[in-house]
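Here the structure comes first, spelled out in structure tokens, and everything after it is commentary.
The values are calculated or read from the model by the stated rules, or taken from the named source; none is laboratory data. What you see is a predicted model; the values in this text were computed from it and never measured. Positions of Cβ are backbone-derived with ideal geometry, glycine not excepted, and every protein chain shown enters the neighbour counts. Calculation scope for accessible area: heavy atoms of the full protein, side chains included, ligands and nucleic acids excluded. Shrake-Rupley method; radii C 1.70, N 1.55, O 1.52, S 1.80 Å.
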Amino acid sequence: MTKVAIMGASGYAALELIKILLRNPEVEIVALTSRQTDAPHINEIHPCLEGRLDLPCEALTPAQISERADFAFCALPHVASMEVIPDLLADGCRVVDLSADYRLNDPAIYEKWYHHVHTDPTRLGSTVYGLPELWAEKIPPADLIANPGCYTSTSILGLAPLLANNLIEPTGIIIDAKSGVSGAGRNPKLATLYSECNESITAYGVGTHRHTPEIDEVLSTVSGKEVQVVFTPHLTPMNRGILATMYPRLTSEVNRDEILNVYRSFYAGKPFVRVIDRIPVTKDVAGTNYCDISVQFSGDQLIVFSALDNLIKGAAGVAVQNFNLMAGYSETTGLII
Ligand SMILES: NC(=O)C1=CN([C@@H]2O[C@H](COP(=O)(O)OP(=O)(O)OC[C@H]3O[C@@H](n4cnc5c(N)ncnc54)[C@H](OP(=O)(O)O)[C@@H]3O)[C@@H](O)[C@H]2O)C=CC1
Ligand SMILES: CC(=O)N[C@@H](CCC(=O)OP(=O)(O)O)C(=O)O
């Protein structure tokens with residue numbers, strides 16, 4: 001049995017983690033954390049878990065977590081994650097961090113985009129970025145995995161095959177991305193009140209969204225050249241799902257079938273990326289760990305479409321993909337949903 005703990009158990013990503021991990025008979029969830037001091041039962045917080053998991057959500061210290069668990073999923077907001085992860089690792093607990101705290105390479109870039117000094121800077125640059133479609137071989141031996149952001153996974157999976165094959169210019173790539181409201185988490189905020197976001201759509205974080213440097217850094221590694229994207233996220237009135245519509249400039253003349261073949265060969269043997277002929281639809285990936293990708297032309301302009309479920313392939317699903325690789329399970333365990 002592999003014993004796992006989930007931190008931030010009252011959140012949306014944690015609920016998806018629990019549901020997926022309950023599908024693996026070799027995993028035992030041994031600890032759930034919350035800052036709530038009255039240790040509510042997980043069924044009180046997530047009633048859909050009634051009869052499926054019998055655990056309280058406790059305000060546990062990292063030492064208490066690592067006494068019980070071999071692995072911890074850290075489903076906390078950024079900054080809160082880096083406050084506990086060094087202690088978990090020091091106590092021998094392996095960690096998948098769903099927050100952004102260990103994704104970037106440079107503490108100065110973190111500080112610029114997150115407006116917070118990084119308190120564990122020596123781990124930046126050496127922490128494995130957990131996108132198994134790109135770096136599966138680095139994941140099994142890692143003690144800490146930085147799980148990617150939801151918009152970033154959508155965008156990176158859509159653009160990586162083109163950059164790896166030098167088919168597009170590395171700068172000026174326009175990413176127009178739309179997310180469901182669960183992307184903002186379960187903590188109440190004005191912008192995500194029903195009466196604010198229902199029947200309405202708006203861009204936000206224009207030029208300032210913190211996923212921009214993450215997309216640039218990862219795609220620069222893939223490309224070997226400095227990649228710069230123009231990334232604009234939108235909040236859309238749906239519960240879950242992300243669609244990224246992307247406009248790169250081709251470096252040479254190439255037709256749609258040739259491009260789709262590049263994608264098929266890049267993602268051959270990758271169980272959770274589906275290169276499809278039709279335009280991706282968020283409903284087709286909602287509740288699954290799939291990322292659907294396709295391309296179209298409008299005149300000479302190539303347009304790439306990528307869709308996934310922000311809570312699954314964009315968060316909990318890829319986190320379990322990473323955990324499966326770290327713990328020696330098949331990559332797809334619990335994830336064919
Ligand atoms: N939602 C999404 O689509 C995605 C989320 N992520 C990332 O995953 C992580 C979890 O996201 P999500 O589940 O949506 O977030 P939620 O806000 O739904 O849940 C996070 C939980 O963490 C706990 N928490 C909040 N603040 C603190 C704090 N300062 N210290 C300790 N615990 C805290 C809260 O539980 P309590 O109040 O009970 O302590 C809260 O329920 C975040 O880092 C997020 O950025 C990544 C990709 C996609
Ligand atoms: C709709 C919405 O608000 N989405 C979130 C992205 C969620 C995510 O992936 O955040 P991390 O990178 O912090 O893990 C946002 O734009 O901030």
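In nanometres, what is the gap between the two model label sites at Leu22 and Asp284, each 7 Å from Cα along Cα-to-Cβ?
In this crude spin-label approximation the distance works out to 3.0 nm.
Using the Karplus curve 6.51 cos²θ - 1.76 cosθ + 1.60 with θ = phi - 60°, work out ³J(HN,Hα) for each residue of region 38-43 in order, rounded to whole Hz, and write x for Gly and Pro.
8, 6, x, 5, 4, 5
Leaving out ligands and nucleic acids, note down the accessible area per residue over region 151-310 with a 1.4 angstrom probe, in whole Å². All intermediate terms of the calculation are to be shown ahead of the outcome.
Details: 7060 Å² over 160 residues.
The answer is 44 Å² per residue.
Tell me, rounded to the nearest percent, the portion of alpha carbon pairs in the chain spaced more than 31 Å apart. Numbers along the way, then the final one.
Numbers: 16700 of 56616 pairs.
That tail contains 29 percent of the Cα-Cα pairs.
Using a cut-off of 21 Å between alpha-carbon atoms, which lysines can reach Lys313, once sequence neighbours fewer than 8 places away in the same chain are excluded?
Lys19, Lys138, Lys178, Lys270, Lys283
Under 5 Å between amide hydrogens, which residues at least 5 positions from Leu302 or on another chain qualify, with H placed 1.01 Å from N in the peptide plane?
Amide H to amide H, under 5 Å and 5 or more residues apart or across chains, Leu302 pairs with Leu250.
Round to a whole angstrom and tell me the spacing of the C-alpha centers of region 81-108 and region 239-262.
33
Which shape class applies to region 221-266: rounded if a/c is under 1.5, otherwise prolate when a/b exceeds b/c and oblate if not, where a ≥ b ≥ c are the square roots of the Cα gyration tensor eigenvalues? Intermediate results must be reported in sequence, preceding the final value.
On the way: a/c = 2.23, a/b = 1.55, b/c = 1.44.
Prolate is the answer for region 221-266, as a/c is 1.5 or above and a/b outweighs b/c.
Quick one: which residues, 5+ away or cross-chain, put their amide H under 5 Å from the amide H of Val95? H built at 1.01 Å from N.
Ala72, Leu144, Ile145
Determine how many Å³ per residue the convex hull of the Cα atoms of region 151-310 encloses. Numbers along the way, then the final one.
Working: hull volume 18.4 nm³, N = 160.
Hull volume normalised by residue count: 115 Å³.
Given a Förster distance of 41 Å, report the FRET efficiency between Ser265 and Leu190 from their Cβ-Cβ distance, rounded to the nearest 0.05. Walk me through the numbers before you get to the answer.
Values: r = 46 Å, r/R0 = 1.12.
E between Ser265 and Leu190, to the nearest 0.05, is 0.35.
Could you give me the ³J(HN,Hα) list for region 136-147, computed from phi with Karplus coefficients 6.51, -1.76, 1.60 and θ = phi - 60°, whole Hz, x at Gly and Pro?
Residue by residue, region 136-147 yields 4, 5, 7, 7, x, x, 6, 9, 9, 10, 8, 6 Hz.
Within the accessible area of the chain, what % is carbon and sulfur when the probe is 1.4 Å and the other protein chains stay in place? Don't jump to the answer; show the numbers that get you there.
On the way: 7080 of 14040 Å².
That share works out to 50 percent.
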